[in-house]
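Step one of this worksheet: look at the structure below.
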Amino acid sequence: MSDTAVLSTSARPDRAGAAPRVGDTALTARLAALDLPAGGFSAPARRDAAARLNEMGLPGPRDEYWRYTDPAPFNAPRPEALAIPPREATLFDDIDRLKLVFVDGVFDAAASDDLTGEGLEIDTLAAADAGGDHWAGALYGQLETAGQNPVRRPFAALNTLAARDGVLIRATGRVARPVHLLYRRSDEAADVHLHHVIRLEQGAELTLLETGAMGARSNAVLEVDLAAGARFHHIASKRADDDKLGIGHIFARVGEGALLKSFALAVNGRVMRNEGVIEITGDDAVAHIAAAVLGDGDEGRFHHDDTVFITHAGQRCESRQVYKKVLKNGAQGIFQGKILVRPGAQKTDGYQISKGLLLDEGSQFLAKPELEIYADDVKCSHGSTTGALDETALFYLRSRGVPREQAVVLLVLSFLADTLEEIEDERLRDGILTRLDQWLTSRATG
Amino acid sequence: MLEIKNLHVKLEEEDKQILKGVDLTVPAGEVHAIMGPNGSGKSTLSYVLSGRDGYQVTGGEAMLDGRDLLEMEPEERAAAGLFLAFQYPVEIPGVGNMTFLRTALNAQRKARGQDELSAAEFLKLVRERGKALKIDAEMLKRPVNVGFSGGEKKRNEILQMSMLEPRMCILDETDSGLDVDAMRLVSDGVNALRGPDRAFLVITHYQRLLDHIKPDVVHIMADGRIVKSGGPDLALEVEQNGYAGLLAEVG
């Protein structure tokens, strides 16, 4: 029996109708600080989320999946004010894309591209929720709810309850231009909840890009529903001046023959927690999720936590989790990754790798890989390593005349390389690599 | 060009003396070979000259063109014109061979106060130099040494040497892991670089490499010292009689 099964069976009955773990007062104070929307099409989902959250309570440090990341800053009623960073060019400025700007978590139509005529249905949550029935009504909060079992994710329920805006996208064919969600800040103390819903119908294809800072504190949920043969590409980039305190969630349902590829780049920042919950429901589907993380503890506390749960319910499906974290000056990197293979999910090919590259002795990488397998004809592997730079490789590069700082940059890029391989689009991949190289080089020589 | 005087070296972590007074002079334009049994200190000498960590110089000196090698960082030694072809070239996943070569070449040019090569100039040069070593565009694009055969790795070392145009080239058992054809390719590459302004120090166990790269002087190293030096015939003597006989002779 797995740890999580124990958690879900023993923890729930105790708490039914009783005080949540941190105490009702904490949750009450947390909710009181928010201006909760009533919702239109989303109203039933919000009511349900409120009930679920009340039952779960906010997480505490003793929660199985919150042992390595202190939930306190996420539990606090309000975030600390945070200076607004200067506006920088984004990674995707040179790419032909459909740009949607959110300022403090609110859609900014004037700064965004025209939403009509892209060959896809696209609305903002705020606008759609003010109207009547909407296709997203059948999905909003649904994948989030499904993703609560067996591991509770209170902040995701909080998001479904509290989110005022986000993007709702439905595509029926191949969408040529990527959709770029660009986040900006204007209020120093904004506590932002964004909730996006994406539905790709049979054979549809979409690329979603995300950059920028959502708020002083952010809580995001991305629900992705992929019908048979749909293909979804996702690239998120967080830079030093972007979110300083944030929790992000991806809840995905991957249908027959569908493909999901998600890549996240995180450079510095402060405390980040990303939860990826992917359920492969159809046969012959593919789900890859990867992240390249660079953390320097000198620029404020750096703590980066990726918590991933991939469920295989279909046959002959492939999943990959590839996580690489480069840490220095006391930075902390966390990876908690699980592969669950349900009964009957034969010929599953599950792969998970997490690696920490520690550039000094004060940094830390903690990994908790888990496999739970209920089918007998599967191939699942996981690995995790933590180490310093390879001295032999460093000497090899230096012996060719490459100065030490530059050699370190090359070896860091080498370390991160296989996360970038998860980006299919060569132009996007090269763009990220170039920026990463420039960034590292300017740090190394500046 | 290369002058080593009474060089004493021990392991940094252990109380173990490896080099016990090496004296060696390699003038410009010459090829010197160092032969010797396992554990005699041949590879240590090459690492100490190129600046690898883990060794402590306890005495003596090593100069390149009158400059103190031992005071320099590895990258400074490279910029000063020293090159070591590794016995076991290192794999660097995710870094293209071309990127690696260009970074190295431009770093050295920069260190010497020369202009960096443009992308086009570099490409022309690397194609031309690669061709002679049968290194094609595909091999240049692959990550450094990843998935390369033994022969490909050694050819890649020689390509780096030919691109970087060092004054003093040290080849550490470049013949290990090479078949006959690869040995010829590598040797041709080395011979093409021979010239009056360049010197070579070829470290090898076997005489066969010296059939292809003809040395001017052969040194025998044993127990951390050069115990005998002579002409090319000395290598043949080793091949015929083994080290044991020879070492007994020098005492």
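The values are calculated or read from the model by the stated rules, or taken from the named source; none is laboratory data. Computed from a prediction, not measured in an experiment: that's the story for all the values here. Methodologically, a virtual Cβ is constructed for each residue, glycine included, from the backbone with ideal geometry; neighbour enumeration extends over all protein chains shown.
Would it be correct to say that B:Ser229 is among the polar types (S, T, N, Q) and part of a helix (DSSP H, G or I)?
Values: among the polar types (S, T, N, Q): yes; part of a helix (DSSP H, G or I): no.
Answer is no for this residue.
Just name the residue that is farthest from the other protein chains (Cβ to nearest Cβ) out of those in the range B:82-111 that are in a loop (DSSP other than H, G, I, E, B) and touching an Asp or Glu at 6+ places or on another chain (Cβ under 7 Å).
Narrowing the range B:82-111 to residues in a loop (DSSP other than H, G, I, E, B): B:86-91.
Now drop any that are not touching an Asp or Glu at 6+ places or on another chain (Cβ under 7 Å), which leaves B:86-87, B:89.
Details: B:Phe86: 7, B:Gln87: 12, B:Pro89: 7 Å.
My answer is B:Gln87.
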>> Which residue is nearest to the chain's Cα centre (by Cα), if the candidates are limited to the range A:378-405 and must be at the interface with chain B (Cβ under 9 Å from one of its Cβ atoms) and surrounded by fewer than 19 Cβ atoms within 10 Å (Cβ to Cβ)?
In response: A:Asp390
> Within the range A:406-425, can one find any residue that is free of Cβ contacts under 8 Å to residues at least 12 places away in the same chain, surrounded by fewer than 19 Cβ atoms within 10 Å (Cβ to Cβ) and not in a loop (DSSP other than H, G, I, E, B)?
Replying inline: yes
> Just one of the numbered conditions (1) more than 9 Å from chain A (Cβ to nearest Cβ); (2) in a loop (DSSP other than H, G, I, E, B); (3) out of contact with any Pro (no Cβ under 9 Å at 6 or more places or on another chain); (4) surrounded by 17 or more Cβ atoms within 10 Å (Cβ to Cβ) is not true of B:Gln114; which one?
Replying inline: (4)
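Given A:His249, A:His288, A:His234, which one is part of a strand (DSSP E or B), under 11 Å from the mean Cα position of the chain (by Cα) and within 23 Å of A:Asp425 (Cβ to Cβ)?
Numbers: A:His249 fails: within 23 Å of A:Asp425 (Cβ to Cβ); A:His288 fails: under 11 Å from the mean Cα position of the chain (by Cα).
Going through A:His249, A:His288, A:His234 in turn, the sole match is A:His234.
Are any residues in the range B:52-81 assigned to a loop (DSSP other than H, G, I, E, B), more than 21 Å from A:Asp390 (Cβ to Cβ) and either facing chain A (nearest Cβ under 10 Å) or of a type outside the set (Asp, Glu) (or both), and if so, which ones? It would help to see each step written out before you state the result.
If we filter the range B:52-81 for residues that are assigned to a loop (DSSP other than H, G, I, E, B), which is where we start, we get B:52-54, B:65-66, B:72-73, B:80-81.
Next cut, more than 21 Å from A:Asp390 (Cβ to Cβ) only: B:65-66, B:72, B:80-81.
Passing the criteria: B:Gly66, B:Met72, B:Ala80, B:Gly81.
So which residues in the range A:262-285 are more than 12 Å from the chain's Cα centre (by Cα), within 30 Å of A:Val409 (Cα to Cα) and assigned to a strand (DSSP E or B)?
Just the residues of the range A:262-285 that are more than 12 Å from the chain's Cα centre (by Cα), to begin with: A:267-271, A:279-285.
Then keep just the ones that are within 30 Å of A:Val409 (Cα to Cα); that gives A:267-271.
A:Val267, A:Val271 - these are the residues of the range A:262-285 that are more than 12 Å from the chain's Cα centre (by Cα), within 30 Å of A:Val409 (Cα to Cα) and assigned to a strand (DSSP E or B).
Does A:Gln346 satisfy being within 29 Å of A:Gly203 (Cα to Cα) and touching a Gly at 6+ places or on another chain (Cβ under 6 Å)?
Numbers: within 29 Å of A:Gly203 (Cα to Cα): yes; touching a Gly at 6+ places or on another chain (Cβ under 6 Å): no.
The answer is no for A:Gln346.
Under 20 Å from the mean Cα position of the chain (by Cα) and of a type outside the set (Gly, Ala, Ser): does that describe A:Glu424?
Taking the combined requirement at face value, the residue satisfies it.
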> Do you know which residues across the range B:80-94 are over 18 Å from B:Ile203 (Cβ atoms) and either surrounded by 21 or more Cβ atoms within 10 Å (Cβ to Cβ) or among the charged types (D, E, K, R) (or both)?
Replying inline: B:Gly81, B:Glu91, B:Ile92, B:Gly94
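Taking the condition touching a Phe, Trp or Tyr at 6+ places or on another chain (Cβ under 8 Å), closer than 22 Å to A:Ile423 by Cβ and at pLDDT 95 or above, does A:Ala291 pass?
Values: touching a Phe, Trp or Tyr at 6+ places or on another chain (Cβ under 8 Å): yes; closer than 22 Å to A:Ile423 by Cβ: yes; at pLDDT 95 or above: yes.
Criteria met by A:Ala291.
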>> Tell me yes or no: at least one residue of the range B:191-205 is modelled with pLDDT under 90, more than 14 Å from chain A (Cβ to nearest Cβ) and either surrounded by fewer than 21 Cβ atoms within 10 Å (Cβ to Cβ) or under 30 Å from B:Leu246 (Cα atoms) (or both).
In response: yes
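Yes/no matrix, rows are residues, columns are (1) basic (Lys, Arg); (2) touching a Phe, Trp or Tyr at 6+ places or on another chain (Cβ under 6 Å); (3) at pLDDT 95 or above:
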| position | (1), (2), (3) |
| --- | --- |
| A:Ser2 | no, no, no |
| A:Ser10 | no, no, no |
| A:Arg15 | yes, no, no |
| A:Ala19 | no, no, no |
| A:Arg47 | yes, no, yes |
| A:Arg52 | yes, no, yes |
| A:Pro77 | no, no, yes |
